[in-house]
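Read the structure below first, then the notes.
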Amino acid sequence: MRTIIEKLEWFLGLGGIKKDIVLLVVSGVTVLCSLFGVHPFGFDLAWVAIVLCGAPIVLEAIIGLVTEFDIKADVLVSLALVASLCIGETFAAGEVAFIMQLGALLEELTVARARAGIEKLIHLTPQTARIVENGVERVVAAQEVRVGDLLRVLPGEGVPVDGVIVSGQTSINQAVMTGESLPVDKTVGDEVSSGTVNQFGAFDMRASKVGEDSSIQRMIKLVQSADAGKAKIVGLADRWATWIVVIALSAAGITWAVTGEIIRAVTILVVFCPCALVLATPTAIMAAIGNATRHGFLVREGDALERLAKVKVLCFDKTGTLTYGTPEVVAAESACAKYTDAELYQLAAAAEQLSEHPLGRAIVSCWRREQGGELPASDEFRMLPGRGVLAEVGGVRVLAGNAALLRENGVEFAPPESAERYIAEGCTATYVAADGEFAGYIALSDTLREQSAEMIDRLGALGVQPVLLTGDHANAANTIAQQLHIRELRANCLPEQKLEYIDERQSAGDPVCMIGDGINDAPALKRAMVGIAMGGVGSDIAVEAADIALVDDEVKELPHLVALSRRMMTTIKLNMTFSMALNFAAIALAIVGTLNPVVGALVHNAGSVLVITNSALLLGWAKRR
């Protein structure tokens, strides 16, 4: 007795999917035993499947009818089960219970996905702040900060609330809010947002927005509420359940009344049981998910592909999605006769080799990759937050940074026209001075992914409109859009503005798919009909907020995913058409007495197998270009 209790406790302690697998195995074995007349315990083992898998279906159908008068597929399933048992056809009842358990397992596997992105986003919020009062600094909880308080933020710390810098210079990593790949230089009078990270210099700021009004808290609210209006797909069998029940009961009732044979009526109920219709959607989704996985996509929501098939607009974040998200040197141009372009490049790389700034690191890594060899030693190196670096290279005093750095050190110059052209195209310029004289500049740019252009063209061929939504500035956005022939773009977008655009398009009847990689994209990924996150370079929060993750960041596979989703819907419709046609043919045979409940159950089972086989073809499907 104790052993039985222990096994029961173990079974009840299983998770949903594990429990469904156990039930499916047990019911499958018992139904097979019933089919071949194996009764080792002296009774028909189909009763095991009926009790374990059928009873919960009947109970749920009764509760749905009584409490909400909600007619779903389980109502007709329950009628078939009960009617079969009433005339002693336990195998037919057990077979129906087994098929429904298979459908439940497939649905559980495709729909159940845990998400914890909001918790991770909340952890980004700084928990403490440094308040400065009468020159004395003290640490308090971030929620105690009030508007007007003077705060100090040290290098490496997160900004606790929104505010304005009143003293100091620094560079701020704003990726959490804008998705920009590069830190932004900040000085007195500039605004800073909560959740962003101070990279280099300490600064004092005056709090302007605190608590729930701060930027990071507003974004948390957006993520929590963004998917409230996202439509949930209803299974085809449930969607048409009312009509199926009416037709089945009418056919069974009329047949019984005309022939006087209840066995024919029960056979009709068995063959009309919508098992194949229930399997039509989850089997196709499972096969399509398997196909998508082989192409680098992790489908986290079971109905994501069903929603993707309806998408008309695909919105892209720029940095890290269409581009690699890392700056690369695109030009090194000397402005004085002392240095060639190559010598200027080496001088800047030597000065920056101890820098922690992403632009400085990019210059050094690009020089080493392109030129090779060792850089000259850098002496008396100094990092100047929000400005650049100062170093001595081979006896030459070198300044490398923005225009303010050079002018503050007495170097008067006008940026060359070529530098202005690069800046107009969205590049960032690092100006270089040697011994107090302007020597030239290094232009850096986020580089386009090699496959982006082909991918955009293939999406267009599928009738999907690409749109660029980016937090980057207009010059960079325009350059990328022109290179990729994207006609519609929005630059300088905050998370709220991306959300507004998606709402605008979806309200106009254009379902939107959003693809992004940053924390700032999380609200948009949840609000869009389908969200796709870059799983390789993307943040964990973006991945958790999305329905689909692109594991290897190969965006060239996006057109395949869209085409696959549409093919999946075609397969579902074929499954549905076939299963209904088979049901009506079986009904006709049941009315004339050709089929009895056992044979009807086998025909009904064969229909389910054919639906699964047709769905399995999706595993190896690929659209011809």
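The values are calculated or read from the model by the stated rules, or taken from the named source; none is laboratory data. Keep in mind it's a predicted model, so treat the numbers as computed, not measured. Neighbour counts are summed over all protein chains in view; Cβ atoms, including those assigned to glycine, are modelled from backbone coordinates with ideal geometry.
Among the numbered conditions (1) modelled with pLDDT under 85; (2) closer than 19 Å to K526 by Cα, the only one that C315 does not meet is (1). Taking the numbered list (1) assigned to a helix (DSSP H, G or I); (2) of a type in the set (V, I, T); (3) at pLDDT below 90 in turn, T570 passes all entries but (3).
The rows are residues; the columns are (1) within 17 Å of P183 (Cβ to Cβ); (2) crowded, with 20+ Cβ neighbours inside 10 Å; (3) not assigned by TED's automatic domain parsing to the domain that holds E437.
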| residue | (1), (2), (3) |
| --- | --- |
| A351 | no, yes, no |
| G360 | yes, yes, no |
| Q371 | no, no, no |
| P376 | no, no, no |
| F381 | no, no, no |
| V393 | no, yes, no |
| V396 | no, no, no |
| A400 | yes, yes, no |
| R407 | no, no, no |
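For G325, the conditions (1) of a type in the set (G, A, S); (2) over 30 Å from C493 (Cα atoms); (3) buried (at least 22 other Cβ atoms within 10 Å of the Cβ) all hold with the exception of (2).
Of the residues making up the range 113-127, not a single one is outside any helix (DSSP H, G or I), of a type in the set (S, T, N, Q), surrounded by 22 or more Cβ atoms within 10 Å (Cβ to Cβ) and at pLDDT 75 or above.
Once the range 293-310 is narrowed to residues that are surrounded by 23 or more Cβ atoms within 10 Å (Cβ to Cβ) and modelled with pLDDT of 85 or more, the residue that is nearest to N614 (Cα to Cα) is L305. The single condition from (1) closer than 22 Å to S445 by Cβ; (2) surrounded by fewer than 17 Cβ atoms within 10 Å (Cβ to Cβ); (3) touching a Gly at 6+ places or on another chain (Cβ under 7 Å) that G386 fails is (2). Could you tell me whether the range 503-516 includes any residue that is closer than 26 Å to G290 by Cβ and either assigned to a helix (DSSP H, G or I) or at pLDDT below 80 (or both)? Within the range 503-516, none of the residues are closer than 26 Å to G290 by Cβ and either assigned to a helix (DSSP H, G or I) or at pLDDT below 80 (or both). Taking (1) surrounded by fewer than 20 Cβ atoms within 10 Å (Cβ to Cβ); (2) of a type outside the set (S, T, Y); (3) more than 25 Å from G388 (Cβ to Cβ); (4) modelled with pLDDT of 90 or more in turn, V166 satisfies each apart from (3). Of all the residues in the range 249-263, those that are assigned to a helix (DSSP H, G or I) and over 52 Å from the mean Cα position of the chain (by Cα) number 5. Within the range 131-159, the residues that satisfy the criterion of being farther than 15 Å from S194 by Cα and of a type in the set (D, E) are E133, E137. Return yes or no: is E374 in a loop (DSSP other than H, G, I, E, B) and under 22 Å from D185 (Cα atoms)? The answer is no for E374. Every test in (1) at negative phi; (2) modelled with pLDDT under 85 is passed by N492 save one, and that test is (1). Kindly check whether there is at least one residue in the range 232-254 that is crowded, with 17+ Cβ neighbours inside 10 Å, among the charged types (D, E, K, R) and at pLDDT below 75. Checking the range 232-254: at least one residue is crowded, with 17+ Cβ neighbours inside 10 Å, among the charged types (D, E, K, R) and at pLDDT below 75. Of all residues in the range 152-163, exactly one satisfies the criterion of being over 17 Å from P385 (Cβ atoms) and either modelled with pLDDT of 90 or more or among the hydroxyl-bearing types (S, T, Y) (or both), namely G163. A419 falls short on exactly one of the conditions (1) touching a residue at least 60 places away in the same chain (Cβ under 8 Å); (2) of a type in the set (G, A, S); (3) touching a Lys or Arg at 6+ places or on another chain (Cβ under 9 Å), and that condition is (3). Could you please let me know if A288 is under 20 Å from A546 (Cα atoms) and either in contact (Cβ under 8 Å) with a residue 40 or more places away in the chain or not assigned by TED's automatic domain parsing to the domain that holds Y441 (or both)? For A288, the condition - under 20 Å from A546 (Cα atoms) and either in contact (Cβ under 8 Å) with a residue 40 or more places away in the chain or not assigned by TED's automatic domain parsing to the domain that holds Y441 (or both) - is met. Taking E417 and the conditions (1) modelled with pLDDT of 90 or more; (2) buried (at least 16 other Cβ atoms within 10 Å of the Cβ), which numbered condition does it fall short on, given that it satisfies the others? Every condition holds for E417 apart from (2). Only one of the numbered conditions (1) farther than 30 Å from L602 by Cβ; (2) buried (at least 24 other Cβ atoms within 10 Å of the Cβ) is not met by A331, and that is (2). Scanning the range 309-346 for residues that are assigned to a loop (DSSP other than H, G, I, E, B) and either over 21 Å from L399 (Cβ atoms) or without any contact (Cβ under 8 Å) to a residue 60 or more places away in the chain (or both) turns up A309, K310, V311, K312, D317, A337, T340. Filtering the range 535-548 to residues that are at pLDDT below 80 and either buried (at least 24 other Cβ atoms within 10 Å of the Cβ) or under 8 Å from the mean Cα position of the chain (by Cα) (or both) leaves G538, S539, I541, A542, V543, E544, A545, A546.
For the range 442-489, the set of residues classified as among the hydrophobic types (A, V, I, L, M, F, W, C) and part of a strand (DSSP E or B) consists of I442, A443, L444, L448, V467, L468, L469, L489, listed by residue number.
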